[in-house]
Amino acid sequence: MAIKAVRGVKDVFPPEIARWQRLEGTARRILEPAGYGEIRLPIFERTELFARGIGDATDIVQKEMYTFEDRSGDSLTLRPEGTASVVRAYLEHGMTVWPKPVRLYYLGPMFRHERPQAGRYRQFYQIGAELLGADDPVVDAEVIALLMEVFRSLGLADRLELLLNSIGDAQCRPAYRERLAGYLRLRLKDLCEECRDRVERNPLRVLDCKKPGCAPVIREAPEITHHLCGDCRSHFERVQEYLGALAVGYTLAPRLVRGLDYYTRTTFEVLSRDLGAQNAVAAGGRYDGLAEALDGPRTPGIGFAVGVERVVSLLSEREGDSPLKLLLIPLGEEALRALLPVWLAIHRRGLPAEIASGGRKLKAELERANRMRASHVVIVGAEELGTKSALLREMKSGTQQQIPLDGLHDKLMEKLAGEGKAR
Ligand code: HAM
């Protein structure tokens, strides 16, 4: 039995990779002009970073981390997300003294040992952005607007819904948490087993339960937005005003809680109407206490992460995604030697081209050209060598023309670049 990839991971290769590249390119194109610089973070960190950053009581830390002891006996963890690492790097490299706010973005794989299903992987990719050192509500609106710009640019805006909530801060959340726990204790027998467990440990997570049995309890639960302190309420109102000014549409979701403990105030999620159970394509929020939880100075921050696989699955393959491709077909050794420098010259000028090895029959090569969706082929056989020419064939129409071998690459470039532009 040949070795297979492990459960919950996937290979990405052509043609699907074109959609990954489109999403990554779009995110860079939207974020960089808005002042976000790329940060490349390590794939593994000290386990303690995530335990303290994401929170000991969360599902991620309790059940989902890939944690291992390395050969020096240190406990390390494959990163389950990027925000804790960004804040760690921010503190470690003295970015606290950079002009604020500091805007960073990252892309790369994350690891969570969840039960694999459609849209849920154990290694998955995120594109994330973080804005550090500002707690003005206008930056919440900025971050959310840029996220939605990525989707708009990809033509996905109509198929997505932005959910918005505020979950308060250290001032008002403890009281709400108690109130919610009090309510849940009264409804304990109506809750699923997991939620019963959560009532004392992490009652807000009950609001996130998808089991139908818990739905009525959740529906009648007290809403956090009714229990925000004055500062959190006015922050949230201004976020909404600025989103209005930016014409970013959203739905208020008072029961939106997030699976990571570092969140304060603004939280949001982008849902797709076209995906199944794993329909969150991006999520994020404010984390004003995270830097302090990592022993740094108070550093408010807000950010988001896009689930790359989920967004890619919404992108359809675009007509014309396949670039203009040229296959050079030499028939025999001498023809191969004549075409090799032509191939390299074309390649240097950036036109996608491949060259056959010269050892196969014309018919087989033409079939291959069809399979690779080449738009043109160039054929050189004994006859062409005799007349010092090459045959350029347009695959779709089958029309052919003779071109002198001398200066062939220039003529090919002229012809094909012209057609490329016209496409
Ligand atoms: P998160 O909600 O855990 O937030 O993940 C963000 C997105 O990553 C999800 O909405 C989903 O699209 C994708 N995702 C999560 N788990 C999986 C999985 N197992 N398979 C496939 N896709 C997945 C965070 O990670 C925060 N760090 C976001 C953030 C940034 N908050 C502030 N700044």
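The values are calculated or read from the model by the stated rules, or taken from the named source; none is laboratory data. As the structure is a computational prediction, the values presented were derived from the model and not from experiment. Ideal geometry is used to build each Cβ from the backbone, glycine not excepted, and the neighbour counts take in all protein chains shown. Note: accessible area is taken over every heavy atom of the protein model, side chains too, but ligands, DNA and RNA are not part of it. Shrake-Rupley method; radii C 1.70, N 1.55, O 1.52, S 1.80 Å.
Things worth noting here:
- Spin-label pair Leu188-Ala175: with each label point 7 Å from Cα along the Cα-Cβ axis, the two points sit 2.6 nm from one another.
- Diffusion coefficient of segment 87-151 by Stokes-Einstein, Kirkwood radius over Cα pairs, 37 °C, 0.692 mPa s: 233 µm²/s.
- Its relative contact order, with pairs defined as Cα atoms under 8 Å and 6+ residues apart, puts the chain at 15 percent.
- Within the shell of other residues whose beta carbon sits under 13 angstrom from the beta carbon of Leu162, the net charge comes to -2, with Lys and Arg scored +1 and Asp and Glu -1.
- Fraction of accessible area attributable to carbon and sulfur, segment 326-418 (%, probe 1.4 Å): 52
- Theoretical gain in end-to-end length, Asp274 to Arg201 [0.36 nm per residue, Cα-Cα removed]: 22.9 nm
- Taken about its Cα centre, segment 6-132 carries a charge dipole of roughly 380 debye when the Cβ of each Lys and Arg holds +1 and the Cβ of each Asp and Glu holds -1.
- Cross-link reach list, aspartates and glutamates versus Lys211, counting only Cα pairs under 13 Å and skipping chain neighbours closer than eight places: Asp190, Glu193, Glu194
- Sum of -39500 (n - 2.57) over DSSP H runs of 4+, divided by residues of the chain (222 nm, nearest 500): -10500 deg cm²/dmol
- Projecting the Cα positions of Ala374, Met413, Leu362 onto the charge dipole of segment 326-418 (unit charges on Cβ atoms of Lys, Arg, Asp and Glu, taken about the Cα centre) puts Ala374 furthest along the positive direction.
- Percentage relative contact order, segment 118-268, counting C-alpha pairs under 8 Å, at least six apart: 40
- Long hydrophobic helices in the chain: the complete DSSP H runs spanning 15 Å or more by Cα along their own axis with mean Kyte-Doolittle hydropathy of at least -0.5 are 17-31, 137-153, 333-348.
- Every Cα-Cα pair of segment 326-418 was included, and the share exceeding 24 Å stands at 8 percent.
- A straight Cα-to-Cα reach below 21 Å connects Lys363 with the lysines Lys325, Lys396, residues fewer than 8 places away in its own chain not being considered.
- Lys, Arg +1 and Asp, Glu -1 on Cβ, resulting dipole of the chain about Cα centre, debye, nearest 20: 1020
- Working note: Debye formula, equal point scatterers on the alpha-carbon atoms of segment 1-128, no solvent; log10 I(q)/I(0) at q = 0.23 Å⁻¹ is -1.38.
- Full extension of the chain segment joining Ala293 with Cys229 gains 20.9 nm, where the gain is 0.36 nm per residue of separation less the Cα-Cα distance.
- Separation of the Ala5 and Gln402 label points, Cα + 7 Å toward Cβ, nm: 5.0
- FRET efficiency for Thr251 and Asn370, using Cβ-Cβ distance with R0 set to 51 Å, rounded to 0.05: 0.55
- When all alpha carbon pairs of the chain are counted in 10 Å bins from zero, the resulting P(r) reads 4, 18, 24, 19, 13, 10, 8, 3, 1, 0 %.
- Farthest toward the positive end of the dipole of the chain, out of Ser234, Ala335, Val217, is the Cα of Ala335, where the dipole comes from beta carbon charges about the Cα centre.
- Annotation: the antiparallel percentage among DSSP beta bridges lying fully within segment 326-418 is about 55.
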